[in-house]
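A.B. asks: There's a structure below that I have some questions on.
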Amino acid sequence: MYRYIVLSMGEAAGTSPEMILKATKALSDTFDGGVIVTGDEGVFSHTASDLSIDPCFSYIAEDEDDLQRAEEKGVQFIFYRSSSIDISGFRYGAVSAETGRASYEALHSAVSIIQNGLASSLLTSPVSSKALELAGYEERSVFSLLSRFASSSRLINMIVAGKMNIFSLTHRRSLAEALSSVTRENIIEALVSIDSLKVSKFFDKDKPIAVCSLNPADRDGEWTGKEEGDVIIPAIEIARKIGIDVVGPVSAELLFRHAAVGEYSAVLVMTATIGYAASASASPDEAYMLTWGLPFLRLGIIGDAGLEKGGKGCASIKPMVTATMEALRLSDRNYMV
């Protein structure tokens, strides 16, 4: 029996259906696991027709009992119906309450499938916060939806880019809000959380956590802002006193040069933008998001919903192919414990 990975449809009006159709097609001859795609059948059929893609799904499941029967028969690529969008009003690039509900229901179905033991891990596509808002949901991101579905408020996202494991002190905030969160208490709390994860096989326990500076250093080695001296350095010193192996602050240009060759077990940056920029530069087509704190393995495609590229046939599938392969590898080797 296959070890199944669930691929959840993101924003239907963006590139998610195209990426999933093409990625599963690319994997169909080489993938050793099974794939379940949750999403809107009409949107996938519409996209496949428009882009002349021959879907590789050999079974369409109506519910979880039907899905279980398909798995017992050894079906490798399964489509699981999770919503119904009126295709007559569907337009690529145009989000709506209907597409927001569809992405919500696709993710909810995917989580339910895993929680009921019908899959081992989850791979998510980007959603549209606007579509979720139009649909009336308080949650506006995959991260917040997962917190709701898994009833967990202690989730931590990490960017995996080559040999770099990047954590951010803040996420989805304006720069002003992010700067106000750079406090001793928040940095110490983040370092404690990261250090607690190092029990996992995913990390090299013999290497330190590196803290990225907020400000650049001038030619005399002094920081150009006060945050390093007043906040970051004292937080690092306290973390060391409680037994955390941590170095820094290190300026971004030096830190990521060393992180890219695997000198650190993990990296903590002060703002998410720095982490995303570093991952895009170091591993543009292979970086992915990994979420800690869930009772199952979750990987996420990094990027936006791709509304401007929806239905145009130009979406890159390499990130999804790579992440799907990684999801199978990580679940097989039980890296999360």
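The values are calculated or read from the model by the stated rules, or taken from the named source; none is laboratory data. In this text the structure is predicted, and so the values were computed from the model without any measurement. Glycine also receives a Cβ, built like all others from the backbone with ideal geometry; neighbour counts cover every protein chain displayed.
A.B. asks: Just wondering, is there one or more residues in the range 63-78 that are assigned by TED's automatic domain parsing to the domain that holds T324, closer than 24 Å to K25 by Cα, at pLDDT 95 or above and touching an Asp or Glu at 6+ places or on another chain (Cβ under 7 Å)? Show your work before the answer.
C.D. replies: Taking the range 63-78 first, the residues assigned by TED's automatic domain parsing to the domain that holds T324 are 63-78.
Going one step further and asking which of them are closer than 24 Å to K25 by Cα, we end up with 63-64, 66-78.
Subsequent filtering for residues that are at pLDDT 95 or above retains 63-64, 66-78.
Checking the rest, the ones that are also touching an Asp or Glu at 6+ places or on another chain (Cβ under 7 Å) come to none.
No, the range 63-78 contains no residue that is assigned by TED's automatic domain parsing to the domain that holds T324, closer than 24 Å to K25 by Cα, at pLDDT 95 or above and touching an Asp or Glu at 6+ places or on another chain (Cβ under 7 Å).
A.B. asks: Inside the range 279-291, can you point out the residues that are among the polar types (S, T, N, Q) and more than 9 Å from the chain's Cα centre (by Cα)?
C.D. replies: From the range 279-291, those among the polar types (S, T, N, Q) are 279, 281, 283, 291; that's our starting set.
Correct list: S279, S281, S283.
A.B. asks: Determine, yes or no, whether Y276 is at pLDDT below 95 and over 15 Å from the mean Cα position of the chain (by Cα). Walk me through it before giving the result.
C.D. replies: Values: at pLDDT below 95: yes; over 15 Å from the mean Cα position of the chain (by Cα): no.
No.
A.B. asks: Against the definition (part of a loop (DSSP other than H, G, I, E, B) and not assigned by TED's automatic domain parsing to the domain that holds E228), how does R172 come out, yes or no? Spell out the reasoning first.
C.D. replies: Working: part of a loop (DSSP other than H, G, I, E, B): yes; not assigned by TED's automatic domain parsing to the domain that holds E228: no.
Spelling it out, it is not the case that R172 is part of a loop (DSSP other than H, G, I, E, B) and not assigned by TED's automatic domain parsing to the domain that holds E228.
A.B. asks: Same structure again: On the basis of being in contact with a strand residue (DSSP E or B) (Cβ under 8 Å, 6 or more places away or on another chain), surrounded by 15 or more Cβ atoms within 10 Å (Cβ to Cβ) and among the polar types (S, T, N, Q), does N165 make the cut?
C.D. replies: yes
A.B. asks: Further, regarding this structure: Within the range 43-62, how many residues turn out to be small (G, A, S) and either assigned to a strand (DSSP E or B) or at pLDDT below 95 (or both)?
C.D. replies: Step one: of the range 43-62, the residues small (G, A, S) are 45, 48-49, 52, 58, 61.
Now restrict to residues that are either assigned to a strand (DSSP E or B) or at pLDDT below 95 (or both): 58, 61.
Counting residues in the range 43-62 that are small (G, A, S) and either assigned to a strand (DSSP E or B) or at pLDDT below 95 (or both) gives 2.
A.B. asks: Still on this model: In the set V75, V37, which member is part of a strand (DSSP E or B) and at negative phi?
C.D. replies: Values: V75 fails: part of a strand (DSSP E or B).
It is V37.
For (1) assigned by TED's automatic domain parsing to the domain that holds T124; (2) in a helix (DSSP H, G or I); (3) modelled with pLDDT under 90; (4) farther than 26 Å from T47 by Cα, each residue gets a yes or a no:
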position	(1), (2), (3), (4)
L294	yes, no, no, yes
L299	yes, no, no, no
A305	yes, no, no, no
A315	yes, no, no, no
A327	yes, yes, no, no
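A.B. asks: Name the single residue, out of those in the range 92-113 being buried (at least 22 other Cβ atoms within 10 Å of the Cβ) and hydroxyl-bearing (S, T, Y), that is farthest from A12 (Cα to Cα).
C.D. replies: Taking the candidates together, the pick is S109.
A.B. asks: Among (1) under 17 Å from D195 (Cα atoms); (2) crowded, with 20+ Cβ neighbours inside 10 Å; (3) among the hydrophobic types (A, V, I, L, M, F, W, C); (4) out of contact with any Cys (no Cβ under 8 Å at 6 or more places or on another chain), which single condition is M270 missing?
C.D. replies: That leaves (4) as the condition not met.
A.B. asks: Just name the residue that is farthest from M9 (Cα to Cα) out of those in the range 127-151 that are part of a loop (DSSP other than H, G, I, E, B) and in contact with a Leu (Cβ under 6 Å, 6 or more places away or on another chain).
C.D. replies: The first filter runs over the range 127-151 and keeps only residues part of a loop (DSSP other than H, G, I, E, B), leaving 127-128, 135-141, 150-151.
Now narrow it down to the ones that are in contact with a Leu (Cβ under 6 Å, 6 or more places away or on another chain): 139-140, 150.
Working: E139: 17, R140: 15, A150: 18 Å.
Only one residue fits best here, namely A150.
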